[in-house]
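K.L.:
One structure, pasted below without further comment.
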Amino acid sequence: MTPVLLNTQVLVYLLSESVLWGLLAIAFGVTLPMLWHWDFGSTSEEQYALERRAYLVMTIILVAFVLKFGLLPFFVFTIDRLSDLVPGAMCAAGVISANGYGLPLLFLKLLILFGLLLWMVLNHYDLEAKNYPWFRLKMGLFVLLFALVSVELWMDWAYFSHFDLSRPVSCCSALFGQLEGANPLPFGLDIPKLLLLFYLLYLLIVIATLAGQSWLELAGYGLFVFVAYYAVVYFFGTYVYELPTHKCPFCMFQRPYHYVGYLIWGSLFGGVFLGSIAAMLRLGLGIDTRRLERFGLGLVSLFVLVCSLYVGVYYLRNGVLL
């Protein structure tokens, strides 16, 4: 057994994920026959029993999904703590790339997070409508999410079970640095053009949200999250570290930087996911999601504000830019 599996944080994380999977498996077993027999227009005894069972199942799913939100930052915290154990790693960047499971697992977790938010929002509007107009849709989505969560649990165990502690990993400087002068930015962009695109896309999201242009809003969010990742890693992050050569999306989760990575990345993905979900539900189901759209915009605005403040405060203190 690899020593990684004996780490306290790893054990707590894996056992928590396994317990939540067990709860969701129970809900999954009840959901399948409900989907087959559900008929809200029926007044039969069977339908009344299904409605009572549905409320219990939705409560279990909601509680499990809320707890999974807490496990994502705990996963980041856990792999960051493993940097003391994995040779060559200085933060979570080296640990997450220590084997072939790490990065696909991280992307899968983000995909599941989007799906969980979508289910929770859809469930809210479905219950608010009183007659469960989207019951089959949301429970079908749950079936898909359960399949993804099952794959995630398998990858969690595979990831933490396949650490070779005799082989050094690359540190964040090697993974994200500009080796041999190569430009790491997409489409041949430089930093000024990247920042111009960053703020223009944010402005596009603001205008599209306030104008109720859902297609434009959805496109804006999709482009913004891509550009924002590079902007944080290769520009704003250097002001968090106050070092122009330090380019890493993970070190900012550490104590020396006041754990600001949780705020920066949490507000970015939370805002983009909620804003995109609101636009999708307005376009696909005709739901009035204006309040949710503004909440998503608020989180993205917080992200932009925090990033910009790091640059502004550094300039006020030192009179120069990095």
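K.L.:
Just to be sure before I move on: is L72 assigned to a helix (DSSP H, G or I), surrounded by fewer than 21 Cβ atoms within 10 Å (Cβ to Cβ) and touching a Lys or Arg at 6+ places or on another chain (Cβ under 7 Å) in the structure I sent? Walk me through it before giving the result.
P.N.:
Numbers: assigned to a helix (DSSP H, G or I): yes; surrounded by fewer than 21 Cβ atoms within 10 Å (Cβ to Cβ): yes; touching a Lys or Arg at 6+ places or on another chain (Cβ under 7 Å): yes.
Against the criterion (assigned to a helix (DSSP H, G or I), surrounded by fewer than 21 Cβ atoms within 10 Å (Cβ to Cβ) and touching a Lys or Arg at 6+ places or on another chain (Cβ under 7 Å)), L72 qualifies.
K.L.:
If you scan region 118-133, which residues turn out to be part of a loop (DSSP other than H, G, I, E, B) and either farther than 16 Å from G284 by Cα or of a type in the set (V, I, T) (or both)? Explain how you work it out, then say what you get.
P.N.:
First, the residues of region 118-133 that are part of a loop (DSSP other than H, G, I, E, B): 129-133.
A129, K130, N131, Y132, listed by residue number.
K.L.:
When region 298-309 is examined, which residues are found to be open to solvent by less than 10 Å² (accessible area, probe 1.4 Å) and not β-branched (V, I, T)?
P.N.:
F303, C307 - these are the residues of region 298-309 that are open to solvent by less than 10 Å² (accessible area, probe 1.4 Å) and not β-branched (V, I, T).
K.L.:
Does any residue in region 127-146 that is over 14 Å from W36 (Cα atoms) come within less than 8 Å, Cβ to Cβ, of a residue that is assigned to a loop (DSSP other than H, G, I, E, B) and modelled with pLDDT under 95 six or more places away or on a different chain, and which pairs are these?
P.N.:
Matching pairs, first to second residue: N131/F40; Y132/F40.
K.L.:
Taking only region 186-228 into account, find how many residues are small (G, A, S) and in contact with a Gly (Cβ under 7 Å, 6 or more places away or on another chain). Working first, answer last.
P.N.:
Keep residues of region 186-228 that are small (G, A, S), which gives 188, 208, 211-212, 214, 219-220, 222, 228.
Okay, now just the ones that are also in contact with a Gly (Cβ under 7 Å, 6 or more places away or on another chain), so 208.
Of the residues in that region, 1 qualify.
K.L.:
All but one of (1) on the phi > 0 side of the Ramachandran plot; (2) under 16 Å from the mean Cα position of the chain (by Cα) hold for I264; state the number of the condition that does not hold.
P.N.:
Going through (1) on the phi > 0 side of the Ramachandran plot; (2) under 16 Å from the mean Cα position of the chain (by Cα) one by one, I264 breaks only (1).
K.L.:
What pairs can you find where one residue is in region 84-112 and farther than 18 Å from P73 by Cα, the other is hydroxyl-bearing (S, T, Y) and open to solvent by 40 Å² or more (accessible area, probe 1.4 Å), and their Cβ atoms are less than 7 Å apart, with a gap of 6+ or different chains?
P.N.:
G88/S170
K.L.:
In region 161-275, which helices (runs of 4 or more DSSP H) lie fully inside it and hold 1 or more residues that are within 30 Å of P87 (Cα to Cα), polar (S, T, N, Q) and open to solvent by 60 Å² or more (accessible area, probe 1.4 Å)? Break it down into steps so the answer makes sense when it comes.
P.N.:
Values: elements: 172-176, 191-211, 214-231, 237-241.
Those helices (runs of 4 or more DSSP H) span 172-176.
K.L.:
Separate question: Could you tell me whether any residue of region 77-86 is closer than 24 Å to G222 by Cβ and surrounded by fewer than 18 Cβ atoms within 10 Å (Cβ to Cβ)?
P.N.:
At the first step, the residues of region 77-86 found to be closer than 24 Å to G222 by Cβ are none.
No, because not a single residue in region 77-86 is closer than 24 Å to G222 by Cβ and surrounded by fewer than 18 Cβ atoms within 10 Å (Cβ to Cβ).
K.L.:
Please work out if L274 is among the aliphatic types (A, V, I, L, M) and without any contact (Cβ under 8 Å) to a residue 60 or more places away in the chain.
P.N.:
Numbers: among the aliphatic types (A, V, I, L, M): yes; without any contact (Cβ under 8 Å) to a residue 60 or more places away in the chain: no.
Criteria not met by L274.
K.L.:
Which of (1) more than 30 Å from L62 (Cα to Cα); (2) open to solvent by 30 Å² or more (accessible area, probe 1.4 Å) does L137 not meet, given it meets every other one?
P.N.:
(1)
K.L.:
Looking at the structure I just gave you, is F295 open to solvent by 30 Å² or more (accessible area, probe 1.4 Å) and hydrophobic (A, V, I, L, M, F, W, C)? Outline the logic, then answer.
P.N.:
Numbers: open to solvent by 30 Å² or more (accessible area, probe 1.4 Å): yes; hydrophobic (A, V, I, L, M, F, W, C): yes.
Answer is yes for this residue.
K.L.:
Any idea which of G319, G312, G284 is open to solvent by less than 40 Å² (accessible area, probe 1.4 Å) and of a type outside the set (V, I, T)? Give the derivation first.
P.N.:
On the way: G319 fails: open to solvent by less than 40 Å² (accessible area, probe 1.4 Å); G284 fails: open to solvent by less than 40 Å² (accessible area, probe 1.4 Å).
Residue meeting the stated conditions: G312.
The values are calculated or read from the model by the stated rules, or taken from the named source; none is laboratory data. Nothing here was measured: the structure is a model prediction, and the numbers come from that model. Virtual Cβ from ideal backbone geometry, glycine too; neighbours counted across all protein chains shown. Quick note on the areas: whole protein, heavy atoms, side chains included, nothing else; ligands and nucleic acids left out. Shrake-Rupley method; radii C 1.70, N 1.55, O 1.52, S 1.80 Å.
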